Structures are given as structure tokens and as C-alpha cells.
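Notes to accompany the following structure.
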Amino acid sequence: MNRPAVVVTGLGMITPAGNDTETTWNGVCSGISPARTVPELEGCEIDFACTVSGIDLDEAVGGRTAFRMGKYVKFAVLAAREAVADAGLDPAHWDGSRVAVVVGTSSGGSAGLTEQAVALDRRGPEATSPSGILLTIPNMPAAEIAIRMRATGPSLAPCTACSSGVTALSVARDLLVTGQCDIAIAGATESIVFPVAMTGFARSGAAARRDGDPAGLCRPFSADRAGLVMGEGAALMVLERAGDARTRGAAPRALIAGAGATTDAHHPTSPHPSGAVARAAVEAALRDAGWRAEDVEHVNAHGTSTPLGDATEAALIGRVYPHRPPVTAPKGVLGHCMGAAGAIEAGLTILTLQHGVVPPIANLDSPAPEFDIDCVTKAPLLRPVRRAVSHSFGFGGHNAVLALQRP
């Protein structure tokens with residue numbers, strides 16, 4: 001039986017590079033990181049990050065419900081609103097029972113939980129919020145979107161660490177393919193720029209240490225890369241079956257041609273040194289799409305700027321794609337948006353397909369000499385791209401890959 005094709009008809013983003021899709025895209029194409037010192041991190045080993053700025057989140061969310069939402073929930077609500085509008089849909093006129101919401105996150109409301117714990121410890125139970133639980137649990141982005149969008153179909157909150165966004169999009173695609181919904185709002189969100197989380201990443205050795213301007217510290221695939229820089233944000237998409245989109249006259253942004261997922265089962269934080277299991281995820285996505293490796297015209301890499309992670313991924317890219325398609329790594333600009341990273345990077349891959357532009361990797365003149373990959377550096381590469389892949393690899397050994405195609 002032929003499986004129905006699933007397309008992306010709407011896209012919404014809020015990131016350190018911009019508070020909507022267009023400004024995010026322009027910021028990523030600039031190749032300039034907005035990383036800066038964060039006052040709330042004063043006294044921490046890591047006191048800088050890439051953060052969302054220039055927006056009053058409570059005012060943007062509107063209504064009387066923002067008080068019960070953590071920042072990660074507000075990000076998701078705003079990105080979903082943009083995505084639904086971009087798709088030309090109106091929740092007042094759809095059958096909500098046929099609308100699914102799938103929103104991933106890695107750490108959920110860990111910042112809110114910490115705030116409540118501090119309040120309890122210092123001032124007692126009366127100082128904690130009656131909405132304290134709502135500020136912490138990871139299903140709240142999906143729940144709040146469902147409430148606002150009148151979506152009464154399946155509502156899910158996958159967590160696969162830094163690959164949560166790609167997992168969410170893959171799950172949403174499956175819901176459409178199996179007929180469990182007609183529309184899916186899917187993606188991921190994250191906000192963990194707070195002292196406890198930043199200290200944890202510092203102690204783990206994964207984070208870059210201050211060495212001059214924070215904007216120059218995230219250098220994916222560079223010989224002198226020294227660790228990740230934290231980011232935050234969200235990306236949400238509207239997914240539909242291609243036939244349904246065509247019937248209502250919607251112009252798809254991209255086709256989700258394939259998806260693949262595997263688990264290293266090796267170590268909680270380090271990728272398997274052979275890269276074989278991550279490669280299997282790439283090959284599964286290509287097989288699902290019906291592509292050969294040579295069909296891939298662009299790779300949006302996970303590229304965290306960590307010594308081991310980048311080395312493993314560069315070796316994988318060199319082996320799987322011997323024709324050396326152009327590679328970008330958005331974390332050089334955006335920082336590592338953790339659970340949201342995969343959805344944001346999938347969104348950027350879609351924009352590459354649409355605009356024929358591959359953004360440069362920030363802070364990179366050329367890749368480390370041992371990496372046989374074609375990194376885009378210094379300026380955007382203007383090149384038509386029809387087929388591209390987006391890699392996401394997370395703590396716990398989660399590997400998730402999307403194959404995306406221009407419709």
C-alpha cells in the first residue's frame with residue numbers, strides 16, 4: 001500500500017537570532033553569533049549564552065494565562081502561533097478532533113523547578129507558586145498549544161535529549177501517515193539558561209569556557225573548537241498529508257521524505273566512537289526516502305563544537321557522503337538549543353531548500369585538517385538544493401535524522 005506523503009505547510013521560530021522565522025533566517029545567514037554575558041548567570045563558571053531577546057514574552061503570549069507558563073512553554077506557544085498562521089489555517093474553523101500536537105523538549109521546566117525549590121528552601125511553602133507544577137512538567141508546551149488551538153487529537157511530548165525536535169516531527173509524520181490526525185503541530189522548545197543547568201554543563205566538560213568575546217566561542221568543526229555554547233528557543237511546524245494540503249490550495253514549504261532513528265547504547269554522554277549506529281540512522285532516513293547517499297545535496301549537521309562530537313560526525317559525513325555536499329552547522333550562530341535544536345535546524349534546512357542558500361558556519365575559516373568535509377564558511381553559499389538531510393544526536397545515544405525535499 002502506498003504511504004501518503006507528508007508536507008510542511010507552516011513554520012514558526014523564536015531563537016537567539018530572531019523572534020520569528022524571517023529574522024532567525026537572516027541572523028543565521030549573517031554568520032554572526034549573538035552570544036553574550038547573561039546577568040542572571042553572574043558568578044557561574046559559564047556566564048554567557050545565546051538567548052532570546054528584544055521581546056516581552058508575557059505581552060506577546062497575551063491573555064491572562066502567561067503566569068502559569070515557563071519560558072519554554074511561551075516559546076512554543078509563540079512559534080506554534082506563527083506556524084499555524086504561516087500555513088493559512090484558523091483554529092476557529094478546523095475540526096479540532098483531527099488536529100494533533102507533538103512538542104518535544106529535553107529539560108522541560110527545570111528552571112521553574114529550581115526556582116520553586118529555592119523559594120521553598122528560603123521562604124517556606126507559602127512562597128511557592130500554586131502553578132509550580134505547571135511551570136515544570138515537560139508536556140505543558142503541547143498542552144498549552146492544544147488549549148489555544150482547540151486541538152483535541154493526540155497530544156504528545158517526546159524527550160530524546162538534543163534530538164527531541166526531530167523525534168517530535170517524526171512522530172507527527174507517523175500520526176498523519178496512519179490516519180490518526182489530519183493536521184499536526186509539531187516541533188520542540190527549550191529554555192535552560194539558568195545557573196544550575198549552566199553549572200552542570202560546565203562541570204561535565206561539554207561547555208566552552210570564556211576566552212575572549214563569547215560570540216566567537218562556538219566554532220563547529222574547527223581545529224580549536226572547545227565546547228558548546230548554550231542557546232534557547234523553539235521551532236514548530238504544521239504538517240499535513242500532501243493531498244490534503246493540495247485540496248485546500250496550500251503551498252508546501254517542504255516534503256518530509258524520510259526519517260531514521262537509532263540508539264548508540266554506548267555511554268550517557270559520549271557518542272559511539274565508530275559512529276556506526278549514528279550512520280545507521282542516516283541510512284534509515286535515506287532508505288525511507290528512497291534516496292541514495294549521492295542524492296543528498298546538503299547536510300545540516302548537528303555540529304556542537306565539542307571535540308569528540310564534531311570528530312565523530314565529521315567522520316560519519318565523510319564516509320556516508322563521499323561526494324562532499326556542502327555542510328552547515330547553525331549552532332555556531334544560535335548556540336546549542338538542546339531539545340529545540342533538531343526542530344530549529346530542520347526548519348533552517350527547509351529554508352535552504354526554499355531559498356537556495358546554505359548559511360555559513362560561524363567562527364570557522366576552514367574545518368580541522370583531519371575532517372574531509374565541505375564546510376560552508378565566511379559567507380552564505382548560493383546553490384539550488386532539492387534534497388537535504390538534518391542530523392540530530394543527543395545525550396543518551398539518541399540519533400535522529402530527517403530527509404527533507406523541495407516539493
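The values are calculated or read from the model by the stated rules, or taken from the named source; none is laboratory data. Since this is a predicted model, take the numbers as computed values, not measurements. A quick note on method: Cβ atoms are made from the backbone with ideal geometry, for glycine too, and the neighbour counts reach across all protein chains shown. The accessibility values were calculated without ligands, DNA or RNA, using every heavy atom of the protein model including side chains. Shrake-Rupley method; radii C 1.70, N 1.55, O 1.52, S 1.80 Å.
Results, tabulated for the structure shown:
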{"quantity": "Radius of gyration, Dmax [the range 317-407; alpha carbons; angstrom]", "calculated": "13.0, 36"}
{"quantity": "Between the range 143-219 and the range 1-67, the alpha-carbon center distance in angstrom", "calculated": "12"}
{"quantity": "The range 12-22 - phi-based ³J(HN,Hα) in whole Hz, Karplus 6.51/-1.76/1.60, Gly and Pro as x", "calculated": "x, 9, 9, 9, x, 8, x, 9, 7, 5, 4"}
{"quantity": "Alpha-carbon radius of gyration plus Dmax, which is the widest Cα pair, for the range 71-162 in Å", "calculated": "15.5, 49"}
{"quantity": "Extreme residue, positive dipole direction of the chain, given options LEU176, ALA119, HIS355 (C-beta unit charges)", "calculated": "LEU176"}
{"quantity": "For the chain, projected area of the alpha-carbon convex hull averaged over all directions, nm²", "calculated": "18.8"}
{"quantity": "Local net charge near ARG292, Cβ-Cβ under 14 Å (Lys/Arg +1, Asp/Glu -1)", "calculated": "-2"}
{"quantity": "The range 2-47 - Kirkwood radius from inverse mean 1/r over Cα pairs (Å)", "calculated": "13.5"}
{"quantity": "Net charge, ARG319 excluded, C-beta distance under 10 Å - Lys, Arg +1, Asp, Glu -1", "calculated": "0"}
{"quantity": "Among HIS323, VAL28, PHE221 - extreme Cα towards positive end, dipole of the chain, charges at beta-carbon", "calculated": "HIS323"}
{"quantity": "The range 1-148, dipole about Cα centre (Lys/Arg Cβ +1, Asp/Glu Cβ -1), debye to the nearest 20", "calculated": "440"}
{"quantity": "FRET efficiency, ALA251 to ARG150 (Cβ-Cβ, R0 22 Å, nearest 0.05)", "calculated": "0.35"}
{"quantity": "The range 254-324 - charge dipole about Cα centre, Lys and Arg +1 at Cβ, Asp and Glu -1, debye rounded to 20", "calculated": "100"}
{"quantity": "nm² value of the averaged projected area, convex hull over the Cα atoms of the range 156-217", "calculated": "5.9"}
{"quantity": "Estimated 222 nm signal from helices in the chain, with DSSP H stretches of n ≥ 4 weighted -39500 (n - 2.57), rounded to 500", "calculated": "-10000 deg cm²/dmol"}
{"quantity": "Lys/Arg +1, Asp/Glu -1 at C-beta; the chain dipole; positive extreme among SER164, VAL73, PHE48", "calculated": "SER164"}
{"quantity": "Size of electric dipole in the chain: Cβ of Lys, Arg +1 and of Asp, Glu -1, about Cα centre, debye, nearest 20", "calculated": "740"}
{"quantity": "Cα extents of the range 12-122 along the three principal axes, largest first (Å)", "calculated": "50, 42, 25"}
{"quantity": "Compactness relative to 2.2 N^0.38 Å, alpha carbon Rg of the range 118-206", "calculated": "1.41"}
{"quantity": "At most 15 other Cβ within 10 Å, DSSP loop - trypsin sites (Lys or Arg not before Pro), the range 1-97", "calculated": "ARG64"}
{"quantity": "Equivalent-ellipsoid semi-axes of the range 174-328, from the Cα gyration tensor, Å, largest first", "calculated": "32, 22, 15"}
{"quantity": "Spherically averaged projected area in nm², based on the convex hull that wraps the Cα atoms of the range 211-273", "calculated": "8.1"}
{"quantity": "Net charge of neighbours whose Cβ lies under 9 Å from the Cβ of HIS302, counting Lys and Arg as +1 and Asp and Glu as -1", "calculated": "-2"}
{"quantity": "Accessible area in square angstrom per residue, the chain, 1.4 angstrom probe", "calculated": "38"}
{"quantity": "Within the accessible area of the range 357-399 (1.4 Å probe), percent carbon and sulfur", "calculated": "51"}
